[in-house]
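The values are calculated or read from the model by the stated rules, or taken from the named source; none is laboratory data. Nothing here was measured: the structure is a model prediction, and the numbers come from that model. All Cβ positions, even for glycine, are placed from backbone atoms using ideal geometry, and neighbour counts span all protein chains on display. Remember, those area values only see protein heavy atoms, side chains included, never the ligands or the DNA or RNA. Shrake-Rupley method; radii C 1.70, N 1.55, O 1.52, S 1.80 Å.
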Amino acid sequence: MTVEPEDSGRRLDALLAENLPEFSRSRLADLISEGAVLVNAKPVKPSYKVQPGDEVSLTLPELRPARAQAEKIPLEIVFEDAELLVVSKPKGMATHPAPGSPGKTLVNALLAHCSDLSGIGGEERPGIVHRLDKDTSGLLVVAKTDFAHAALQKQIQDRTAKRRYLALVWGNPTFTEAVIDAQIARHPTDRVRMAAVKSGGRDAVTEVFVRERLGACALLECRLQTGRTHQIRVHCQLAGHPVVGDSVYGGNKKSGDPERDRHVSLLTGQALHAFSLAFTHPRTGEALSFEAPLPAEIETLLGFLRG
């Protein structure tokens, strides 16, 4: 970036923090001190006062994620052969290790179950073709071979693999079915969240069908045409119907009915479940289709709402 006249005399770390909201100011100060930030091709201090015309460059050091370790964690395996597995992931389990969560993930459990996972995903994501949020339950396909991994990823990219979700949302939608087409990008100020944007994001399309109307709530079937981070949760919020129990996207509100709110409070995370997965076996060409029942806590809440 080139420093503009109106920024003359500002501290370098403060200027970068304003222009790079994905980094904290302290993280940027560390990067400057480590020489990852250069001004006019020279290292400087975080307190450097920028001048008009200064050329500022940032080169992030390459990150080497720690190798995931095998952990004996129970797995619900729906299907398995030499090429792949289909598993039903419970709520509360992350798909793969991440900073701050190195263990107790699906990957850790998979490594204890089998040692021949595809290496395409790297050391921290072996075998992972697609993912589910930590507090979203349901079906995932995992590749054992690089051939299967590449073929399955292509099916997801080509939209020939079908992924369907059930989402319990707040409100009574005015539509019976809808297509939500809204780009998604990282939230500009809260880096944990995603946001629907008019431009500059990644294309995201979700087909939505109302399965049941349950007074203050509705049960939706959501079909992914794309697979962006938090896509269903963001699109439901955009439609005015946040997923029940979703504290990040407005789904943890009070409904005004104490008994209903008590039942909702028993949820762990959002009421979102990947109930159906269909794809073509990469080696045999066989059409495979799987379904996973709703978690007991969502079924219990639905029973209350129906009753």
Completion exercise
Of every hundred units of 1.4 Å-probe accessible area on the chain, the number belonging to carbon and sulfur atoms, as a percent, is 50
Fill in the blank from the handout: Measure of exposure for Lys154: accessible area at 1.4 Å probe, Å² rounded to 10, is 110
Fill in the blank from the handout: Diffing the range 202-210: the Karplus 3J(HN,Hα) column from phi (6.51, -1.76, 1.60, θ = phi - 60°), in whole Hz with x for Gly and Pro, holds 9, 4, 8, 9, 10, 8, 10, 10, 7
Handout entry: Inter-label distance for Asp181 and Thr280, nm, one decimal - labels placed 7 Å from Cα along Cα-to-Cβ
Key = 2.6
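Which length gain, in nm to one decimal place, applies between Asp81 and Thr226 when the Cα-Cα distance is subtracted from 0.36 nm times their residue separation? Please report the intermediate quantities before stating the final value.
Values: separation 145, 0.36 × 145 = 52.20 nm, distance 2.70 nm.
Contour length minus Cα-Cα distance gives 49.5 nm.
Taking R0 as 35 Å, what's the FRET efficiency between Thr174 and Glu4 from their Cβ-Cβ distance, rounded to 0.05?
On the way: r = 47 Å, r/R0 = 1.33.
Once rounded, the FRET efficiency stands at 0.15.
Please compare each pair in Lys91/Lys253; Lys162/Lys253; Lys162/Lys198; Lys144/Lys198; Lys134/Lys198 to a cut-off of 29 Å on the Cα-Cα distance and tell me which ones are over it.
Long pairs (Cα-Cα over 29 Å): Lys162/Lys253; Lys144/Lys198.
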Handout entry: Taking the chain and dividing mean pair separation by its residue count, relative contact order in percent (alpha carbons under 8 Å, at least six apart)
Key = 14
Completion exercise
Given a Förster distance of 22 Å, the FRET efficiency implied by the Cβ-Cβ spacing of Glu18 and Ser101, rounded to the nearest 0.05, works out to 0.15
Completion exercise
Once Arg11 and Glu291 are pulled to full extension, the length gained, defined as 0.36 nm per residue separation minus their Cα-Cα distance, is 95.2 nm
Exercise for the section: Scan around Lys89 for amide H atoms under 5 Å from its own, H built in the peptide plane at 1.01 Å from N, and keep only partners 5 or more places away or cross-chain. Expected result: Gly138, Leu139, Leu140
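Just to make sure I understand: if all protein chains stay in place, what is the order of His113, His230 by accessible area at 1.4 Å, largest first? Mind dumping the intermediate values first?
Details: His113 85, His230 35 Å².
Putting His113, His230 in descending order of accessible area: His113, His230.
Order Glu297, Glu6, most accessible first, counting only protein heavy atoms with a 1.4 angstrom probe. Write out the running numbers ahead of the final one.
Working: Glu297 50, Glu6 140 Å².
Descending order: Glu6, Glu297.
Among Glu4, Glu18, Glu212, what's the order by accessible area (1.4 angstrom probe), most exposed first?
Glu18, Glu4, Glu212
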Practice task
Roll a 1.4 Å probe over the protein heavy atoms and report the accessible area of Arg186 in Å², nearest 10.
Solution key: 110
Completion exercise
With R₀ set to 41 angstrom, the calculated FRET efficiency between the beta-carbons of Arg213 and Asp30, to the nearest 0.05, is 0.20
Exercise for the section: Scan around His281 for amide H atoms under 5 Å from its own, H built in the peptide plane at 1.01 Å from N, and keep only partners 5 or more places away or cross-chain. Expected result: Glu286, Ala287, Leu288
Exercise for the section: Please identify, among Ala239, Ala148, Ala68, the residue showing maximal mean-square fluctuation in a Gaussian network model of the chain using a 10 angstrom Cα cutoff. Expected result: Ala239
Completion exercise
Whole-Hz Karplus couplings 3J(HN,Hα) for the range 137-143, θ = phi - 60° and coefficients 6.51, -1.76, 1.60, Gly and Pro as x, run 9, x, 8, 9, 9, 10, 8
Handout entry: For the range 214-307: accessible area per residue (Å², 1.4 Å)
Key = 43
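How much length, in nm to one decimal, is gained on full extension between Glu71 and Thr160, taken as 0.36 nm per residue of separation minus their Cα-Cα distance?
Using 0.36 nm per residue and subtracting the Cα-Cα distance, I get 28.7 nm.
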Exercise for the section: Taking semi-axes √(5λ) of the Cα gyration tensor in Å as the quantity of interest, determine which of [x] 32, 23, 19; [y] 39, 27, 18; [z] 54, 21, 20 was computed from the displayed structure. Expected result: [y]
Exercise for the section: Collect residues whose amide H, placed 1.01 Å from N in the peptide plane, falls under 5 Å from the amide H of Leu20; neighbours closer than 5 in sequence don't count. Expected result: none
Fill in the blank from the handout: Going residue by residue through the range 6-18, the Karplus relation 6.51 cos²θ - 1.76 cosθ + 1.60 with θ = phi - 60° gives ³J(HN,Hα) values, rounded to whole Hz and with x marking Gly or Pro, of 5, 9, 4, x, 7, 5, 4, 5, 5, 5, 5, 4, 6
